[in-house]
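Sharing a structure with you now.
The values are calculated or read from the model by the stated rules, or taken from the named source; none is laboratory data. All values derive from a computational prediction rather than experimental measurement. When we count neighbours, we look across all protein chains shown, and the Cβ atoms used for this are built from the backbone with ideal geometry, even at glycine.
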Amino acid sequence: VQQTYIMLKPDALQRGLAGEIISRIEKKGYHMVRCELKMLDEAILKEHYAHIADKPFFPELVAYMTSGPVLAMIIEGENAIVGMRMLMGATKFGEALPGTIRGDFANTTTENLIHGSDSEETAAIEIKRFFGE
Ligand code: GTP
Ligand code: MG
């Protein structure tokens with residue numbers, strides 16, 4: 001059984017899609033083992049998005065991610081890391097297929113509703129980053 005760090009981004013909460021998204025996660029057979037509504041600041045985003053902090057779209061990403069609270073969650077289940085990435089759909093607008101969360105509900109690459117850890121290593125780091133030890 002794996003744990004992964006999932007975060008509903010501000011647009012998911014502002015658009016009232018949290019229930020729909022959590023419902024899809026539960027129907028996949030995964031369970032929420034922790035959850036917390038929180039505001040992020042630029043410091044934690046620079047850490048979380050260190051791999052893209054030098055990209056031209058980074059300021060836009062920070063503005064978006066600080067525009068309202070996020071719902072930080074630890075999701076647990078069989079193959080939860082890859083399974084959640086499949087439910088989420090691809091990052092780039094135009095590549096996320098219908099049937100995925102992003103493919104069904106997101107209209108841009110930046111505002112894409114949900115974050116999910118992309119490997120076992122990052123899952124462990126991100127769970128620690130957002131929930132502590
Ligand atoms: P996360 O689960 O949020 O980490 O998304 P990801 O792993 O699918 O993508 P990645 O870690 O590469 O990028 C993090 C976030 O930055 C994405 O979810 C988008 O919100 C944003 N982003 C990534 N690439 C682009 C891009 O080329 N253009 C724009 N405008 N935003 C991007
Ligand atoms: Mg990522």
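Could you identify the single residue in 53, 63 that is within 19 Å of residue 122 (Cβ to Cβ), more than 13 Å from the chain's Cα centre (by Cα) and of a type in the set (A, V, I, L, M, F, W, C)?
Values: 63 fails: within 19 Å of residue 122 (Cβ to Cβ).
Just a single option satisfies the conditions, and that option is 53.
Output the number of residues of the stretch 59-97 satisfying the condition of being closer than 16 Å to residue 21 by Cα and either touching an Asp or Glu at 6+ places or on another chain (Cβ under 6 Å) or modelled with pLDDT under 95 (or both).
Number of matching residues: 1.
So which residues in the stretch 90-112 are in contact with a Leu (Cβ under 9 Å, 6 or more places away or on another chain), of a type in the set (S, T, N, Q) and part of a loop (DSSP other than H, G, I, E, B)?
110
Just to be sure before I move on: is residue 39 closer than 22 Å to residue 121 by Cβ, of a type in the set (A, V, I, L, M, F, W, C) and in contact (Cβ under 8 Å) with a residue 24 or more places away in the chain in the structure I sent? Even if it seems obvious, please write down each step before you answer.
Details: closer than 22 Å to residue 121 by Cβ: no; of a type in the set (A, V, I, L, M, F, W, C): yes; in contact (Cβ under 8 Å) with a residue 24 or more places away in the chain: yes.
So residue 39 does not fit the description; no.
Right, another one. Quick one: how many residues across the stretch 21-63 are surrounded by 15 or more Cβ atoms within 10 Å (Cβ to Cβ) and either farther than 21 Å from residue 118 by Cβ or within 14 Å of ligand 2 (Cβ to nearest atom) (or both)?
4
What single numbered condition from (1) without any contact (Cβ under 8 Å) to a residue 24 or more places away in the chain; (2) of a type in the set (A, V, I, L, M, F, W, C); (3) more than 8 Å from ligand 1 (Cβ to nearest atom) fails to hold for residue 105?
(1)
Which residue is farthest from the chain's Cα centre (by Cα), if the candidates are limited to the stretch 105-118 and must be within 14 Å of ligand 2 (Cβ to nearest atom) and within 19 Å of residue 25 (Cβ to Cβ)?
118
Given the criteria within 14 Å of residue 25 (Cα to Cα) and not in a strand (DSSP E or B), does residue 84 qualify?
yes
When you go through (1) exposed (fewer than 14 other Cβ atoms within 10 Å of the Cβ); (2) of a type outside the set (Phe, Trp, Tyr); (3) closer than 16 Å to residue 65 by Cα one by one for residue 128, which number turns out not to apply?
It is condition (3) that residue 128 fails.
Now, a different point. Would you confirm whether or not the stretch 120-128 contains a residue that is assigned to a strand (DSSP E or B), touching a strand residue (DSSP E or B) at 6+ places or on another chain (Cβ under 8 Å) and within 14 Å of ligand 1 (Cβ to nearest atom)?
There is no residue in the stretch 120-128 that is assigned to a strand (DSSP E or B), touching a strand residue (DSSP E or B) at 6+ places or on another chain (Cβ under 8 Å) and within 14 Å of ligand 1 (Cβ to nearest atom).
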